[in-house]
Amino acid sequence: MTTQYYTATSLDGFVATEDNSLEWLFPLGDVKEAGYPAFIAQIGAIAMGASTYEWMLRHSDKVQADSGSPWPFSQPCWVFTHRGLPGIDGADIRFVQGDVKDLHPRMLEVAAGKNIWIAGGGALAVQFYDAGLLDEAIIQIGSVTLGQGKPLFPRRVTSPPWRLLSVRQIGSGLAELHYALPGR
């Protein structure tokens, strides 16, 4: 059972544009080629930042078209926010705030032996990392640059370096790097 930051980034290290858009990513590859179906099958709980959740709400038509549902996840999802956000009918969404260290044990319990996915936001991934709770990073690097935006990991980490487990090409627009994080 691992806690994984699974995300995509531009060549210059941004997961989203400055207005939280992910539109740059969709032309680069098919989610099925990226191994997403196998990845999500191993997930028992999801942690998501408020900006990612709000993006999903704003793009509910695309989410519905791609997944056949207004909420594409069957797993319980903890949305970390300080704002009041609307829920989605039929979705197990838990709006929370506070230290990830305090919430992680409940997520592990609910995940019931499966992995936890840090689904959105470099800032949220950093919180799990700083608490010693982030085990792996699976990062798909897209063949575009954004110039500015929301950083992949908005904190310097130089020592000890992450340990590269694998590299995989996905179509002609993405490369996937899988890392184990130090001490994990």
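Being over 19 Å from GLN4 (Cα atoms), in contact with a Gly (Cβ under 6 Å, 6 or more places away or on another chain) and not aromatic (Phe, Trp, Tyr) is the requirement here; does LEU28 meet it? Break it down into steps so the answer makes sense when it comes.
On the way: over 19 Å from GLN4 (Cα atoms): yes; in contact with a Gly (Cβ under 6 Å, 6 or more places away or on another chain): yes; not aromatic (Phe, Trp, Tyr): yes.
Taking the combined requirement at face value, the residue satisfies it.
Please work out if PHE80 is surrounded by 14 or more Cβ atoms within 10 Å (Cβ to Cβ), within 22 Å of GLY149 (Cβ to Cβ), within 17 Å of the chain's Cα centre (by Cα) and not polar (S, T, N, Q).
Yes: the conditions hold for PHE80.
Could you check LEU25 against (1) over 14 Å from the mean Cα position of the chain (by Cα); (2) at pLDDT below 95 and say which number it fails?
(1)
Just checking, which of ALA38, ALA8, ALA47, ALA65 is over 20 Å from ILE139 (Cα atoms) and either out of contact with any Lys or Arg (no Cβ under 8 Å at 6 or more places or on another chain) or without any contact (Cβ under 8 Å) to a residue 12 or more places away in the chain (or both)?
Working: ALA38 fails: over 20 Å from ILE139 (Cα atoms); ALA8 fails: over 20 Å from ILE139 (Cα atoms); ALA47 fails: over 20 Å from ILE139 (Cα atoms).
Being over 20 Å from ILE139 (Cα atoms) and either out of contact with any Lys or Arg (no Cβ under 8 Å at 6 or more places or on another chain) or without any contact (Cβ under 8 Å) to a residue 12 or more places away in the chain (or both) holds for just one of ALA38, ALA8, ALA47, ALA65, which is ALA65.
Could you tell me which numbered condition GLU33 fails, if it satisfies all but one of (1) outside any helix (DSSP H, G or I); (2) surrounded by 15 or more Cβ atoms within 10 Å (Cβ to Cβ); (3) out of contact with any Cys (no Cβ under 8 Å at 6 or more places or on another chain)?
(2)
Has the stretch 106-116 got at least one residue that is closer than 25 Å to GLU54 by Cα, acidic (Asp, Glu) and without any contact (Cβ under 8 Å) to a residue 12 or more places away in the chain?
Initially, the stretch 106-116 is screened for residues closer than 25 Å to GLU54 by Cα, giving 106-108, 110-111, 115-116.
Checking the rest, the ones that are also acidic (Asp, Glu) come to none.
Checking the stretch 106-116: not a single residue is closer than 25 Å to GLU54 by Cα, acidic (Asp, Glu) and without any contact (Cβ under 8 Å) to a residue 12 or more places away in the chain.
Could you list all residues from the stretch 17-30 that are free of Cβ contacts under 8 Å to residues at least 60 places away in the same chain and exposed (fewer than 15 other Cβ atoms within 10 Å of the Cβ)? Before you say what the answer is, go through the steps one by one.
Filtering the stretch 17-30 down to residues free of Cβ contacts under 8 Å to residues at least 60 places away in the same chain leaves 19, 21-23, 26.
Those that are free of Cβ contacts under 8 Å to residues at least 60 places away in the same chain and exposed (fewer than 15 other Cβ atoms within 10 Å of the Cβ): ASP19, GLU23, PHE26.
When the residues of the stretch 112-169 are filtered to those that are surrounded by 15 or more Cβ atoms within 10 Å (Cβ to Cβ) and basic (Lys, Arg), which remaining residue is farthest from GLN4 (Cα to Cα)?
Once the filter is applied, the top-ranked residue is LYS150.
Hey, ASP102 hits all of (1) in contact with a Gly (Cβ under 6 Å, 6 or more places away or on another chain); (2) at pLDDT 95 or above but one; which does it fall short on?
Unmet for ASP102, out of (1) in contact with a Gly (Cβ under 6 Å, 6 or more places away or on another chain); (2) at pLDDT 95 or above: (1).
Can you tell me which residues in the stretch 9-22 are over 14 Å from GLY173 (Cβ atoms), at pLDDT 90 or above and either under 16 Å from the mean Cα position of the chain (by Cα) or among the hydrophobic types (A, V, I, L, M, F, W, C) (or both)?
Within the stretch 9-22, GLY13, PHE14, VAL15, ALA16, THR17 qualify.
The values are calculated or read from the model by the stated rules, or taken from the named source; none is laboratory data. Small disclaimer: the values here were computed from a predicted structure and weren't measured. Methodologically, a virtual Cβ is constructed for each residue, glycine included, from the backbone with ideal geometry; neighbour enumeration extends over all protein chains shown.
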